[in-house]
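Step one of this worksheet: look at the structure below.
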Amino acid sequence: MNVVEPILFQARHDPPAPALCAPGSALGLISYARLARFIHNIGHRAVHHGIAPGHVVAIQVNDYIFHTALALGLMHVGAATISVGATIPPGLRVDVILTDTPQAYGKGNAKVVAVDLTWMSGKGVPVEERVYRGNGNDICRIALTSGSTGEAKAVGFTHNNQLARLARYNHVYGKRFPECSRFFSDYGMGSSGGFRHILYVLSRGGTMFFPGVSPIETLQTFELYKVQGLIASPGGLGGFLNFYDSNTEFRCGFDVIISAGSPLPNSLSERVRARMCSNLIFYYGTTETSTISSAPAHALTGVAGAAGYVAPDVSVQIVDDVGAPLPHGREGSIRVRTPVSVGSYLDDEEETAKPFHDGYFETGDIGYLTTEKLLAITGRKKEVLNLGGDKVSPRTIEEALTGFYGVRDAVAFSAPNELGIDEVWALVIYNGMSDEDALRKHCQEKLAQTHVPARFIGVTELPRNGNGKVERLRLSAMVEELASARV
């Protein structure tokens, strides 16, 4: 079955029901009937532009509703879609780029097509049945993952895989989650979970809410439409908590909050449950495997790194350096097998060979299992910074830092803010006088906003060994010292 068909089915059941809402945007709120028309009209446009079944189409569009409609319309006629930023990851085969900023893309093998809201205009007549829409084993969606090495790798999902992952939502997040129909997701369109949340809500006839043009409009929408569920990373939760604390006139009426992407600090968990919603569910998963474990946040307090109870259809092994299984309570590498795991990365045999073995996926995390099958994550095998769910190699940040004319050497690392959520700090050796404002502006031009260091700390030397590599153990001690001195 094509993953878009359940959504079109809901449009026949209840055409006037609200499907998507982005408060203050050009489209505002659209019904299922209107969404179905958009899907069909986009399908006709895709055929007109030569987009064929099996083509990989990258979407770079800022409007959330338009972006969603484009992805659904393209998948309905057999294309595979991927949501991207201003650049296409090297090595990924892309046939067509649909973008509202075509000037951002130079010459390449992919065909660049400028799109605007007129792509959704038309009679809303379904594309002819003779147009191949694919079968369940065709890839319909691609997401990028950086969890293991900090470098983007492409994961392809078939229609069947997406539908099977959606079905697991009915049990892995507790009983309240599937009872809700109106959700706000703070995850980006490009993440595998972020887009799948949209599919889940729409396939059940619910309403998905996106960020408005301002935080105030977003929170007003929560109350106006009685939004029941919030899906956000710990970093996103911290932002919402700060906003609610600063705007005490807003009541928070969520029935359930789902969070994942990075460790959930106890301090943040307690404050969210006290101010926003007592039913806070934390889960652990990867793009390659989907959800691995979950639990109510209150059940995780007191166990450092607790990531939930292993889901009933998941096999988790804790192994030593040679791959031998370890007993409960012993720390080791975590490898996972789920019924919805993918078995490879797209067009990348070399990267595939590293984490995929004997049906298991090596997550890159270190942890242990208790006798009650509670999974705890105690660290990472690779040097990857996890910033509230956003993962990046420190080398990416260090290259940007040392690319600034006034910096001789630098090291990037993560340190917890007042909510316990990791943010980027940088130790910097300046060439002469320091110019922090200029350095920050340089980093903002070179890096994603979440990767820009929150603090630049001038030092005279960095903790490197004789081979020039950063000694992370020494760096950790420096981080603790700096954190204790922070005001």
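The values are calculated or read from the model by the stated rules, or taken from the named source; none is laboratory data. Please read these numbers as outputs of a predicted model, since none were measured by experiment. Cβ sites come from the backbone with ideal geometry, for glycine too, and all protein chains shown count toward neighbours.
Observations
- Being under 27 Å from GLN220 (Cα atoms), among the small types (Gly, Ala, Ser) and modelled with pLDDT of 95 or more holds for only one residue in SER31, SER25, and it is SER31.
- Condition check for PHE157: farther than 16 Å from SER290 by Cα, among the hydrophobic types (A, V, I, L, M, F, W, C), in the same structural domain as SER83 (by TED's automatic domain parsing) and crowded, with 19+ Cβ neighbours inside 10 Å: no
- All positions within the range 153-174 that are in a helix (DSSP H, G or I) and touching a residue at least 24 places away in the same chain (Cβ under 8 Å): HIS159, ASN160, ASN161, GLN162, LEU163, ALA164, ARG165, LEU166, ARG168, TYR169, HIS171, VAL172
- In the set (1) free of Cβ contacts under 8 Å to residues at least 24 places away in the same chain; (2) under 27 Å from the mean Cα position of the chain (by Cα); (3) surrounded by 15 or more Cβ atoms within 10 Å (Cβ to Cβ); (4) part of a helix (DSSP H, G or I), the condition left unmet by GLN103 is number (3).
- Among the residues of the range 216-243, those that are hydroxyl-bearing (Ser, Thr, Tyr) and surrounded by 18 or more Cβ atoms within 10 Å (Cβ to Cβ) comprise THR218, THR221, SER233.
- Scanning the range 19-36 for residues that are touching a Gly at 6+ places or on another chain (Cβ under 6 Å) and crowded, with 23+ Cβ neighbours inside 10 Å turns up nothing.
- For the range 306-338, the tally of residues that are surrounded by fewer than 18 Cβ atoms within 10 Å (Cβ to Cβ) and closer than 21 Å to ASN386 by Cβ stands at 1.
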